[in-house]
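The values are calculated or read from the model by the stated rules, or taken from the named source; none is laboratory data. Computed from a predicted model, the values in this text were never measured in an experiment. No Cβ is skipped: glycine too gets one built from the backbone with ideal geometry, and neighbour counts run over all protein chains shown.
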Amino acid sequence: MTPEELEELRELVAFLKENEIGEFEFEHGEQKIRLKFAQPAHLSSIDLARLGQLLPQAPLPAVSTPASSHHSYSTHASAPSPAAEEAAEEQLHLVKSPIVGTFYESSSPGAPAFVKVGDEIESGQVLCIVEAMKLMNEIESDAAGEVVKRLVTNGQPVEYGQPLFALRLR
């Protein structure tokens, strides 16, 4: 390894620890890196854009954490997310992601969001897009009501079943 490559690796390890990523695997050409940290990690979102800056020539790496699950949004399997707990206290309806992907609030960068907090929506109305495997999937509301809270940020990776919006039903 060259001194430059070694320095990039040190930056990568620092980034992974800073963001509490428990496991990381990267493959580019003949170069393969796999890191696994002993301490369990919990993670609300991953800053993949920052990770992409550290490895500019490579395709997007596969990142997994103990928080990743196809059936649970919370960082602990038995504990509900704070957003879900708050919504339950207010008797709000949660619109959840039907797929794993990346959340987008609008159809294209610079376009207005499909919905904003405070909007009255109808059942079947498009709320957002979740991109999965280069396909843009429109996510529709399964109920009518008022958008009380957006629970994810634009460009954030989302899991199957992760709450996206909290609605006050009519």
ask   = Only one of K17, K32 is basic (K, R), modelled with pLDDT of 75 or more, outside the structural domain of V152 (by TED's automatic domain parsing) and over 21 Å from the mean Cα position of the chain (by Cα); which?
value = K32
inquiry  = Under 7 Å between Cβ atoms, which residue pairs at least 6 apart in sequence (or on different chains) link something in the range 113-126 that is closer than 11 Å to S141 by Cα with a partner that is part of a loop (DSSP other than H, G, I, E, B) and of a type in the set (V, I, T)?
reply    = I121/V115
key: Output for the range 96-137, where each listed residue is in contact with a Cys (Cβ under 9 Å, 6 or more places away or on another chain) and either in a strand (DSSP E or B) or not assigned by TED's automatic domain parsing to the domain that holds V158 (or both)   = F103, Y104
note = Contact list, first residue from the range 8-32 and hydrophobic (A, V, I, L, M, F, W, C) and assigned to a strand (DSSP E or B), second anywhere and surrounded by fewer than 17 Cβ atoms within 10 Å (Cβ to Cβ) and modelled with pLDDT of 75 or more, beta-carbon distance below 8 Å, six or more apart or interchain, is F24/I33; F24/R34; F24/L35; F24/K36; F26/K32; F26/I33; F26/R34
